[in-house]
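The values are calculated or read from the model by the stated rules, or taken from the named source; none is laboratory data. The model shown is predicted, which means the values in this text are computed figures rather than measured ones. Backbone-built Cβ (ideal geometry, glycine too); neighbour counts: all protein chains shown. SASA here: full protein model, heavy atoms, side chains in, ligands and nucleic acids out. Shrake-Rupley method; radii C 1.70, N 1.55, O 1.52, S 1.80 Å.
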Amino acid sequence: MNKATLPFLDRGQAGRVLAEKLMPYFGRANLLVLALPRGGVAVGFEVARALQAPLDIFVVRKLGLPGHEEYAMGAIASGGVRVMTPLPGLSVTAEDVAEVVAREQAELVRREHLYRGQRPPISIEGRTVIVVDDGLATGASMRAAVLAIRQQHPAHLVVAVPVGAEDSCQALRDEADDVVCAAMPYPFRAVGLWYKHFPQASDDEVIALLEESRREHEQALRQHPAQQKNPFPPPQAHSPHSANGLVQGLQQHLQPLTGAAHDYDPLMQLIGPARFALLGEASHGTQEFYRERAAITRRLITEKGFTAIAVEADWPDAWRVNRYVRGLGDDADAASALSGFQRFPAWMWRNTEVRDFVEWLREHNTGRALEAQVGFYGIDLYSLFTSIHEVLDYLERVEPEAAQRARYRYSCFDHAGEDSQAYGYAASFGLAPSCEDAVVQQLREMTRRMADMPATPGLERDEAFYAHQNARLVRNAEEYYRTMFHARVSSWNLRDSHMVETLQALDRHLGAQGTPPKMAVWAHNSHLGDAGSTEMSDRGEWNVGQLMRDRYAGDAVRVGFSTHHGWVTAATDWDQPPQRKRVRDGLHGSWEDVFHQTGTSRFLLNLRDSAGLRKLVEPLRLQRAIGVIYRPETERQSHYFHTHLAGQFDALIHLDETRALEPLDKGPVWSAGEAPETFPSGL
């Protein structure tokens, strides 16, 4: 098409013109058209109809520059992908970016649920995927879509638009396997200029077009049943027979938990001589998860000689607790020792269950030799600036000249004002220099210093190890915050890799005298279950559970937790105060729902040692994951993912009804909880 044929009458005509350009793809096996709603759906409808391909949506949200929303400073897409577009001459703070992202993320989730309902997205893996929009201006939205789709492993990815700016079309050729821009007028200015009728598409229009496309494609498949597998299977509806069969099968294998002292004897037997007990949680705010983990860990310490607890917490804050439980700190009690946990979500560790366990741990350690005491350690990496201060404080005490060198290197971060996200945003888009070289140099110096320390256990060696781990954390956190503004998968993988590196460093440090240590690891199910047996792997994500099994095989035992209903401590959004929120009943057909149907309120499943049980729970089902944020109104989209339970965990503990974790600092809204009459209805 040349410039004289423009403008298009409307999106429908534009889609038909674009479909002509895409006819070489007609008849290709496993073809799928993905449209970016809302405007791209009318175009994608015509393309899918002409190519006799299924049509699905892929939601992308533009991030408008505050005060100048017509300028796209980036975009987000399904799967957590974020793409930022530098705007020369315009500046924006990290806080402004975070506010826009939160707003658009909520809208993204709303639209996915609205447009798709209960139908799962069509699988992208191994397909030829044509992703369609009504035009291409800056390309930020399309680039975010391409990055997110790539994570789901299509065989061939095509970008197709009726009209686009030439530079944007050309730039996408580096991202996609093929780019089809039917027209590239110059000067481009805006997409709407190249349509006679360009009204804002409505949600109702999107839903109607998707339904019509689905009906047409299903009719075509009925006429030509051998053509291809129907990509629109009906929503999963488990027949009463199959559901009852699964429930009855589980009833034969579950081991009830009655509150008796011997409840966890089977779990102790399962863990056996393993050196790493990975104890999960299905939320960061459920009292019973913390309480049962503590009970299991006490038995691991007293019966199996476990010598460390490693938790999903910041290294410096947990080290303060470590000093307290070993009788080394200045804190008067456990609540004071936990007061270092100030960063959101403080309630994860400043709560009554952890307080009581920390007091027990201190009492257990009293009178024992230093090397025989049980330590408490953090494995997370959010403490970038706190860890910088800890490195400097240590070096000031032991070698002021080395502290001066470290201070010079870390001064690279001064422009960020101790705001980790501000640093990451500025460094990732060239608005400020990267500190990568500086933190690597400092880590190398600290590594040499640690290598010169005597292997003899003692406080001097422990403090050197603490400082060295802070320097390593700074290196990893610097990369993490630089990465988080681009692809979520990369930042997730960096974080979990750091956790495993920390566990390995603890393993070496605590085992320096020749006796391998044993550790209980406390973190969320999403970190400690094997990502390879969940839909996380489809997005290219790995996690602690997967990496630990790869490195330690049977020496790492993974234990998951679940609940069907009750209450949880969580926030509605990031950095908001904790609330006591009602947990909805497990979604129909989910693992939580199936466990509820067994009629046993608390039980243990040994998933590792029973071939019959493993076969029973192998099929893919939804599983709930609540982090520090809980949004019941979008629970299916926000809090469920598919898992193969048999490969995810070695054992699972189900507690049907649970209570909210009690924070030490409840804040203004926790005690009131949610009013039952305002609780949203089920999806």
Could you name the aspartates and glutamates whose alpha carbon sits less than 16 Å from that of Lys62, not counting residues in the same chain fewer than 8 places away? Glu70, Asp96, Glu99, Glu104, Glu107, Glu112, Asp133, Asp134
Let a ≥ b ≥ c be the square roots of the eigenvalues of the Cα gyration tensor of the stretch 443-600; is it rounded (a/c under 1.5), or, if not, prolate (a/b larger than b/c) or oblate? prolate
Report the antiparallel proportion of the DSSP beta bridges in the chain as a percent, rounded to a multiple of 5. 40
Please compute the per residue accessible area over the stretch 258-353 with all protein chains in place, 1.4 Å probe, rounded to a whole number of Å². 30
Compute the helix-to-body angle for 11-21: its Cα long axis versus the longest principal axis of the chain, expressed 0 to 90° and rounded to tens. 90
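Expressed as a whole percentage, what fraction of the accessible surface of the chain belongs to carbon and sulfur atoms when a 1.4 Å probe is rolled over the protein heavy atoms? Each step should come with its number before you reach the end.
Details: 13760 of 28030 Å².
Answer for the chain is 49 percent, counting heavy atoms of protein chains only.
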Please report the orientation-averaged projected area of the stretch 520-614, defined via the convex hull of its C-alpha atoms, in nm². 8.5
Aspartates and glutamates with Cα under 14 Å of Lys518, excluding same-chain neighbours fewer than 8 positions away: Glu303, Glu371, Asp507, Asp555
Between the alpha carbon centres of the stretch 554-588 and the stretch 442-469 the gap in Å comes to 38
Based on alpha-carbon centroids, what's the gap between the stretch 22-66 and the stretch 618-646 in Å, whole number please? 27
I'd like to check one number: the per residue accessible area of the stretch 458-559, probe 1.4 Å, reported in Å² as a whole number. 30
Taking only Cα atoms, what is the 0 to 90° angle, nearest 10, from helix 384-398's long axis to the longest principal axis of the chain? 30
If I take every Cα pair under 8 Å that is 6 or more residues apart in the stretch 433-566, average their sequence separation and divide by the length, what percent do I get for the relative contact order? 19
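For every helix of n ≥ 4 consecutive DSSP H residues, a contribution of -39,500 (n - 2.57) applies; sum these over the chain, divide by its total residues, and give [θ] at 222 nm rounded to the nearest 500 deg cm²/dmol.
On the way: 24 runs with 287 residues, N = 683.
Calculated from helices alone, the mean residue ellipticity at 222 nm is -13000 deg cm²/dmol.
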Length-normalised contact order of the chain in % [C-alpha pairs under 8 Å, at least 6 apart]: 15
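Mind checking the full-extension length gain between Asp204 and Arg551? Use 0.36 nm per residue of separation minus the Cα-Cα distance, one decimal, nm.
Numbers: separation 347, 0.36 × 347 = 124.92 nm, distance 5.10 nm.
Residue separation times 0.36 nm, minus the Cα-Cα distance, leaves 119.8 nm.
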I'd like the orientation of helix 315-325 relative to the chain: the angle between its Cα long axis and the longest Cα principal axis, in ° from 0 to 90, rounded to 10. 30
Ordering 523-529, 183-189 by per-residue average of other C-beta atoms within 10 angstrom, highest first, gives 523-529, 183-189
So how much slack lies between Lys615 and Ser411, counting 0.36 nm per residue of separation and subtracting their Cα-Cα distance, in nm? 67.8 nm
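Cα-based Rg of the stretch 527-570 per 2.2 N^0.38 Å, rounded to two decimals?
Values: Rg = 12.9 Å, N = 44, 2.2 N^0.38 = 9.3 Å.
Taking the Cα Rg and dividing by 2.2 N^0.38 Å, one obtains 1.40.
With a/c under 1.5 counting as rounded, go ahead and sort the stretch 435-514 into rounded, prolate or oblate using the C-alpha gyration tensor (a ≥ b ≥ c being the square roots of the eigenvalues; past the cut-off, prolate if a/b is larger than b/c, else oblate).
On the way: a/c = 3.61, a/b = 1.80, b/c = 2.00.
Taking the square roots of the gyration eigenvalues as a ≥ b ≥ c, the stretch 435-514 is oblate.
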Counting only backbone N atoms under 11 Å from a point 7 Å out along Cα-to-Cβ of Glu107, the residues of the stretch 616-646 in range are none
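If packing is taken as the average count of other Cβ atoms within 10 Å, what order do 51-62, 338-349 fall into, highest mean first?
Top to bottom by mean Cβ count within 10 Å: 51-62, 338-349.
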Checking a compactness column here: for the chain, what do you get for Rg(Cα) / (2.2 N^0.38 Å), N being the number of residues? 1.03
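Multiplying the sequence separation of Glu212 and Arg173 by 0.36 nm and subtracting their Cα-Cα distance, what value in nm do you get? Show your work: numbers first, answer last.
Details: separation 39, 0.36 × 39 = 14.04 nm, distance 3.18 nm.
Answer, rounded to one decimal: 10.9 nm.
Cβ neighbours within 10 Å, averaged per peptide: list 133-142, 324-333 in order, most packed at the top.
Numbers: 133-142: 25.4, 324-333: 16.1.
Averaged packing, sorted descending, gives the order 133-142, 324-333.
What accessible area per residue comes out for the stretch 139-194, rounded to a whole number of Å², with a 1.4 Å probe?
Values: 2180 Å² over 56 residues.
Per residue, the stretch 139-194 has an accessible area of 39 Å².
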Starting from the residue with the highest accessible area, list Lys196, Lys21 in decreasing order, probe 1.4 Å. Lys196, Lys21
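Quick one, what does Rg over Rh come out to for the stretch 317-391 if you take C-alpha atoms and the Kirkwood Rh?
Numbers: Rg = 12.5 Å, Rh = 12.8 Å.
The Rg/Rh ratio comes out at 0.97.
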